[in-house]
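Structure first, then comments.
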Amino acid sequence: MKKILLVGGDSFSDQNYSGNFTGPAFKKEKYITSWPVLLAERLDMELVCLAQSGAGNEQIYSSILDYISVRGSDNIGMVLAGWSKCERIDFERPGTNKWHNTRVSPKGNVHSWIRKSIRNFYSLQLLCEHFNIPLKQFQMISLFNDYITEYTSNDDYESVRLDCLNSISQSPQFDLIDKSTFIGWPIYKEEEGFVVADVTVHLNWKVYNKLANRIKDSTYYKAGRKANQKYVISDKDPHPNQEGHKLLSEFIYENL
């Protein structure tokens, strides 16, 4: 019997992600083989993918915990967790066992959400250590960058970002996170960490979109919009396309 590859995450890991946008660019990528599928095939493991589009970090942790609690750990060969944005709030609808999500929590602030997420990271580490399950976790998309980009002025961006980094480094669990099982920890460049999507599928997409949106020259704008789409669905949808999922699969495999 094959061992189980147990994957938790959000839309970047969801086998059934349907895209945020329609149109020709998306239709070409309608049927995507996701990186968890590709990786499970390469590892010759049976995939159980718990990832769901829109999931926050509470759902990611809880779905893995619930699976292990109900099914046991004997046949799990590895747990992989691709963490999401800290500002998302997750809840279960009574009697359904189905998770629902809100884009931004109405309570707390970015610093409390960061600390809450790091507790989830460390709790997953402890859970897998307790059951002697191999673990690799990583920050799939930025923990806080989208929040401060959308809710902070350009003049305040860098100072808020540095405050967020302090919230990470001052977390009670900061030094307890095992770097050998957390790919890219502590997830920011000042400590030689990284976010997986930022160093793979978004490496060029973010740069080109930022410049293309600020420079009004139409030739540059069109070139930028075209050049940034190698690993993403479209200029409007930054989720990985098929080539992006292949890239993620290779990157994660190399870091196991």
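The values are calculated or read from the model by the stated rules, or taken from the named source; none is laboratory data. Because the structure is predicted, anything quoted here is derived from the model rather than measured. So basically every Cβ, Gly included, is an ideal-geometry build from the backbone, and we count neighbours across all protein chains shown.
General observations
- Residue check, Lys85 surrounded by fewer than 19 Cβ atoms within 10 Å (Cβ to Cβ) and within 18 Å of the chain's Cα centre (by Cα): no
- Number of positions in the range 102-127 that are hydrophobic (A, V, I, L, M, F, W, C) and either touching a residue at least 60 places away in the same chain (Cβ under 8 Å) or within 20 Å of Val79 (Cβ to Cβ) (or both): 5
- Condition broken by Ile89, with the remaining ones in (1) in contact with a Pro (Cβ under 9 Å, 6 or more places away or on another chain); (2) on the phi > 0 side of the Ramachandran plot satisfied: (2)
- Scanning the range 185-201 for residues that are within 18 Å of Leu256 (Cβ to Cβ) and surrounded by fewer than 19 Cβ atoms within 10 Å (Cβ to Cβ), we see that the one that is farthest from the chain's Cα centre (by Cα) is Gly193.
- The range 1-27, residues that are assigned to a loop (DSSP other than H, G, I, E, B), surrounded by fewer than 13 Cβ atoms within 10 Å (Cβ to Cβ) and at pLDDT below 90: Met1, Asn16, Ser18, Phe21, Thr22, Gly23
- Matching strands (runs of 3 or more DSSP E) fully within the range 40-117 where at least 2 residues are modelled with pLDDT under 95: 89-92, 99-102
- Annotation: Ala227 fulfils all but one of (1) under 30 Å from Leu126 (Cβ atoms); (2) at pLDDT below 85; the unmet one is (1).
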